[in-house]
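The values are calculated or read from the model by the stated rules, or taken from the named source; none is laboratory data. Quantities reported herein were computed from a predicted structural model and do not represent experimental measurements. Cβ coordinates were reconstructed from backbone atoms using ideal geometry, including for glycine residues, and neighbour counts include every protein chain displayed.
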Amino acid sequence: MGFLMRLFSKNGLLMSFLLLQIIAIVLIFSKNSMQQSWIAAKTAAFNSWISGYIDQGTAYLRLKQINEELVTQNKALMLELYGKQGAKNPSFRKVHDTIGGGQIYTFVDGEIVFNSINRKDNYFTINRGKRDGVFPKMGVIAPKGIAGIVINTTDSYALVQSVLSVNKIKINASLKNSGYFGTLTWRGENSRLMHLADIPKYVPVKVGDTVITDGKSAIFPMGITVGTVAGYQVDSKTGYWDISVELSEKMGTLNKVYVVKNLKKAEVERIQDTLQATIDREND
Amino acid sequence: MISRTLFTDILQILFLVALQIFVLNRIRIFGEFTPVLYPVFVMFYPFFRNKFQFLILSFLIGLAVDAFLGTWGINAFATTAVAYFRTLIFRSSTDTTTDFFSFSSLQWPQFLLFILSSIFFHQLLIQYIEFFKFSRFFEIFLNVVISSLISFIFIVIYTLTFKIKQRV
C-alpha cells in the first residue's frame, strides 16, 4: 500500500490519467457491441488454442481405444456397403400393342456400371443379369436413342456391345420420312456420328431427317429414335447414299438404360429357320 | 474577462456538449462526415490551472458526448488522451520549450498547427477505436483525415467567434 501511495504522490498526473483511461477502456469493451464481439472472439480463440493442446494430449492417450472403435465401425460400414446386394430390383414396364397379337416387348430398366467410348469396339456393363431376365442378343436402348446389344450375361450383370463398335454392330435403321431402310454402322472416328448405308440414291434425303430403328431384326422395336441426318454423299464404291447420322443419345454420358425383351423372339426365329430349311431343301 | 472557476468550466462543458449533440451531429458534410467541436474545451483550457481537475473535466466532457452517442468510453478515452498529451502536442507544434504557455503570444501558423494536430490526434483515436478493424486501415485513415480537416475549419471559426486566441 505504501508503495502505491509513493507511486501516486510522485507521478500523480500520470496515474490519474491512466486510471481515467482504464475506466474508458473498461467502458469501451463492456458497452460497445463491436469491441464486445472482438473480445468474445479473442477469448474463444485463446480458449480453443489452449484446449486444443490439452485435447491433443488426451487424444494421444486414447488412440488405442479409438482405433478399436474405428475398426469396429469400419467393419459395420463395409458390411453395409459391400455385403449386401446393391442393385434394386428392376421394375418391368409393359407396352401394350393393339394389334391383338398380345404383347411383344417388355423392358427391364438398368444402370450402367462401366462404360467406354474411345476404343474400336466399345462395351458397357449394366447391373441387370439373368436373374432379371436379361439374355444375350437383347437390345439395349437409352432414354433418347439406341445404346447397344447384350452379348453376355451373368446372374446380376450383363455385358453390352455398344453401338459404337466398328466390326461387331450392324443395325437396321430407316429414314422416318420415306421409310427406306439401310444398315447403320460406326466407323470409329467420332462418338456422336454413325453411318447409314444401303439407301438407294433416288431416295430424297434432307439434313435433319430423323433416323429410327426398323424393327425387322427382332432386337429393337420399331420406331426407336437413333438420331438425325447430319450430312450425306454418294458412296462411290457402292453407288448408294452414305448418310452420316448424329446420335441423339450421348454415349459418353449414358447412365440409365432399358433392356428390350422380345417375347415373340423364339417364334420369329422358328419361322425364319423354316425359311432357311426351305431354301436348303430347294437347293438339294 | 470572466475569471474561470469549476462552475464556469461545467457551464462551458454543458454548452459545448449541447452544441455538439444537438447541432453539429446533425450536420452531414459530403453525406458522411460530422464536424467535431467539443475538444476545444480541452485544447484551450488555461495552462496554469489545476491539472487533475483538467484531466477529470476532460474525461467528463468525453463521457457526456459518449452518453448521447451511445459510444461508451470512446470519446472519453480520446479526449483524456488529448488532455494529457496537450503539453507535448503544444511543444511539438510550436517552437517553445518552456512549460508556461499562452496562445496570445503565438504566431497564427503555429496556433493553427496546434489545433490541427490536436484534432487529428483526437480523431485518430476515436475512429480507430470505433471501427476497430485493422483490415480497413486505409479507409479509416482517409476518414480520419477528412473529418479532422472539416472539424479544423469549425474550430477555427469557433476561435475567431469567441476571440480565444486573444483571451487565453
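Please go through segment A:189-228 and pick out each residue that is β-branched (Val, Ile, Thr) and surrounded by 15 or more Cβ atoms within 10 Å (Cβ to Cβ).
Of everything in segment A:189-228, those that are β-branched (Val, Ile, Thr) and surrounded by 15 or more Cβ atoms within 10 Å (Cβ to Cβ) turn out to be A:ILE199, A:VAL203, A:VAL205, A:THR210, A:VAL211, A:ILE212, A:THR213, A:ILE219, A:ILE224, A:THR225, A:VAL226, A:THR228.
Taking the residues in segment A:22-57 that are in contact with a helix residue (DSSP H, G or I) (Cβ under 6 Å, 6 or more places away or on another chain) and at the interface with another protein chain (Cβ under 9 Å from one of its Cβ atoms) as candidates, determine which candidate is surrounded by the most Cβ atoms within 10 Å (Cβ to Cβ).
Among those residues, the one meeting the criterion is A:ALA24.
Can you name every residue in segment B:15-32 that is assigned to a helix (DSSP H, G or I) and surrounded by 12 or more Cβ atoms within 10 Å (Cβ to Cβ)? Walk me through it before giving the result.
To start, the set of residues in segment B:15-32 that are assigned to a helix (DSSP H, G or I) comprises B:15-26.
Across segment B:15-32, the qualifying residues are B:PHE15, B:LEU16, B:VAL17, B:ALA18, B:LEU19, B:GLN20, B:ILE21, B:LEU24, B:ASN25.
Looking at B:VAL65 and the list (1) without any contact (Cβ under 8 Å) to a residue 40 or more places away in the chain; (2) assigned to a helix (DSSP H, G or I); (3) within 14 Å of chain A (Cβ to nearest Cβ), which single condition is not satisfied?
Condition not satisfied by B:VAL65: (1).
With respect to A:ALA87, is the statement that it is away from chain B (no Cβ under 14 Å) and either at pLDDT below 80 or under 47 Å from the mean Cα position of the chain (by Cα) (or both) true?
yes
I'd like to check something: does segment A:106-116 contain any residue that is on the phi > 0 side of the Ramachandran plot and either at pLDDT 85 or above or in contact with a strand residue (DSSP E or B) (Cβ under 6 Å, 6 or more places away or on another chain) (or both)? Show your work before the answer.
Within segment A:106-116, the subset on the phi > 0 side of the Ramachandran plot is none.
No - not one qualifying residue is present in segment A:106-116.
Here's a check for you: in segment A:12-21, which residue that is of a type in the set (A, V, I, L, M) and facing chain B (nearest Cβ under 7 Å) is surrounded by the fewest Cβ atoms within 10 Å (Cβ to Cβ)?
A:LEU13
Of the conditions (1) out of contact with any Lys or Arg (no Cβ under 7 Å at 6 or more places or on another chain); (2) more than 14 Å from chain A (Cβ to nearest Cβ); (3) farther than 29 Å from A:GLY12 by Cα, B:TYR38 clears all except one; give me its number.
Of (1) out of contact with any Lys or Arg (no Cβ under 7 Å at 6 or more places or on another chain); (2) more than 14 Å from chain A (Cβ to nearest Cβ); (3) farther than 29 Å from A:GLY12 by Cα, only one is false for B:TYR38: (3).
Within segment A:248-267, how many residues turn out to be closer than 20 Å to A:PHE114 by Cβ and touching a residue at least 24 places away in the same chain (Cβ under 8 Å)?
Looking only at segment A:248-267, we keep the residues that are closer than 20 Å to A:PHE114 by Cβ, and these are A:249-259.
From what is left, the residues that are touching a residue at least 24 places away in the same chain (Cβ under 8 Å) are A:249-252, A:254-259.
Counting residues in segment A:248-267 that are closer than 20 Å to A:PHE114 by Cβ and touching a residue at least 24 places away in the same chain (Cβ under 8 Å) gives 10.
So B:TYR128 fits all but one of (1) closer than 20 Å to B:LYS165 by Cβ; (2) modelled with pLDDT of 85 or more; (3) not aliphatic (A, V, I, L, M); what number is the exception?
Result: B:TYR128 passes all but (1).
Here is a list: B:THR80, B:THR71, B:THR159, B:THR87. Which entry is in contact with an Asp or Glu (Cβ under 8 Å, 6 or more places away or on another chain), part of a helix (DSSP H, G or I) and either within 14 Å of chain A (Cβ to nearest Cβ) or not basic (Lys, Arg) (or both)?
B:THR87
Give the residue that is farthest from A:ALA142 (Cα to Cα), with candidates limited to residues of segment A:230-262 that are hydroxyl-bearing (Ser, Thr, Tyr) and part of a loop (DSSP other than H, G, I, E, B).
Residues of segment A:230-262 that are hydroxyl-bearing (Ser, Thr, Tyr), as a first pass: A:232, A:236, A:238, A:240, A:244, A:248, A:253, A:258.
From what's left, part of a loop (DSSP other than H, G, I, E, B): A:236, A:238, A:240, A:248.
Working: A:SER236: 34, A:THR238: 32, A:TYR240: 29, A:SER248: 10 Å.
Residue satisfying both the conditions and the ranking: A:SER236.
State whether one or more residues within segment B:118-130 are in contact (Cβ under 8 Å) with a residue 40 or more places away in the chain, farther than 19 Å from B:PHE77 by Cα and either hydroxyl-bearing (Ser, Thr, Tyr) or in contact with a strand residue (DSSP E or B) (Cβ under 8 Å, 6 or more places away or on another chain) (or both).
Within segment B:118-130 (the criterion being in contact (Cβ under 8 Å) with a residue 40 or more places away in the chain, farther than 19 Å from B:PHE77 by Cα and either hydroxyl-bearing (Ser, Thr, Tyr) or in contact with a strand residue (DSSP E or B) (Cβ under 8 Å, 6 or more places away or on another chain) (or both)), the answer is no, since none of the residues qualifies.
Can you tell me which residue is surrounded by the most Cβ atoms within 10 Å (Cβ to Cβ) among those in segment A:233-270 that are over 26 Å from A:VAL108 (Cα atoms) and modelled with pLDDT under 85?
A:ASP235
Which strands (runs of 3 or more DSSP E) sit wholly inside segment A:168-229 and have at least 1 residues that are touching a His at 6+ places or on another chain (Cβ under 8 Å)?
Result: A:181-185.
State the number of residues belonging to segment B:33-55 that are without any contact (Cβ under 8 Å) to a residue 60 or more places away in the chain and surrounded by fewer than 16 Cβ atoms within 10 Å (Cβ to Cβ).
5
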